[in-house]
1. Just how far, in whole angstrom, is segment 1-35 from segment 52-81 if you go by their alpha carbon centroids?
2. Using DSSP, restrict attention to beta bridges with both residues in the chain and report what percent are antiparallel, rounded to the nearest 5.
3. Could you work out the longest stretch of the chain that avoids the trypsin sites (Lys or Arg not before Pro) located in DSSP loops with at most 12 other Cβ atoms within 10 Å?
4. How big is the chain by Rg and Dmax over its Cα atoms, in Å?
5. In whole Å and largest first, what semi-axes does the C-alpha gyration tensor of segment 69-115 yield when each eigenvalue is scaled by 5 and square-rooted?
6. Please work out how much accessible surface T112 shows to a 1.4 Å probe, ignoring ligands, DNA and RNA, in Å² rounded to 10.
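The values are calculated or read from the model by the stated rules, or taken from the named source; none is laboratory data. In this text the structure is predicted, and so the values were computed from the model without any measurement. So basically every Cβ, Gly included, is an ideal-geometry build from the backbone, and we count neighbours across all protein chains shown. Please note that ligands, DNA and RNA were not included when accessible areas were found on the heavy atoms of the full protein model with its side chains. Shrake-Rupley method; radii C 1.70, N 1.55, O 1.52, S 1.80 Å.
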Amino acid sequence: QVQLVESGGGLVQPGGSLRLSCAASGSGFDFYAMNWYRQAPGKQRELVATITSGGSTNYADAVKGRFTISRDNAKNTVYLQMNSLKPEDTAVYYCNARWKLRDYWGQGTQVTVSS
């Protein structure tokens with residue numbers, strides 16, 4: 001069993017930056033692919049960024065060049081550095097851990113980009 005707790009959300013002006021963190025408890029963090037999803041009001045949840053157990057990364061086209069996902073296995077934590085934020089990045093951001101048939105979600109953290 002893995003529990004995920006996100007933090008770092010908040011209100012930021014367009015062009016600003018935020019760093020989200022997702023702390024994992026439980027064993028086997030190193031094996032999990034870690035993902036950040038987001039869900040805006042009235043829209044489906046969408047995949048934003050992925051980092052594999054080996055450190056390979058992938059991004060949605062909408063955030064490429066602006067967001068960076070990273071992980072610190074010693075701290076059982078995954079991060080999402082978000083730069084040049086836009087109003088359309090406003091959403092609840094969810095951390096996800098996935099390995100074989102195991103699939104865990106955090107409770108989400110709100111990110112609001114507004115002037």
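1. Each part's Cα centre sits 10 Å from the other's.
2. Counting DSSP beta bridges with both partners in the chain, the antiparallel share is about 95 percent.
3. For trypsin sites (Lys or Arg not before Pro) (loop position, at most 12 other Cβ atoms within 10 Å), the longest site-free span of the chain is 1-42.
4. Gyration radius and largest Cα-Cα distance of the chain: 13.4, 42 Å.
5. The answer is 25, 14, 8 Å, longest axis first.
6. 40
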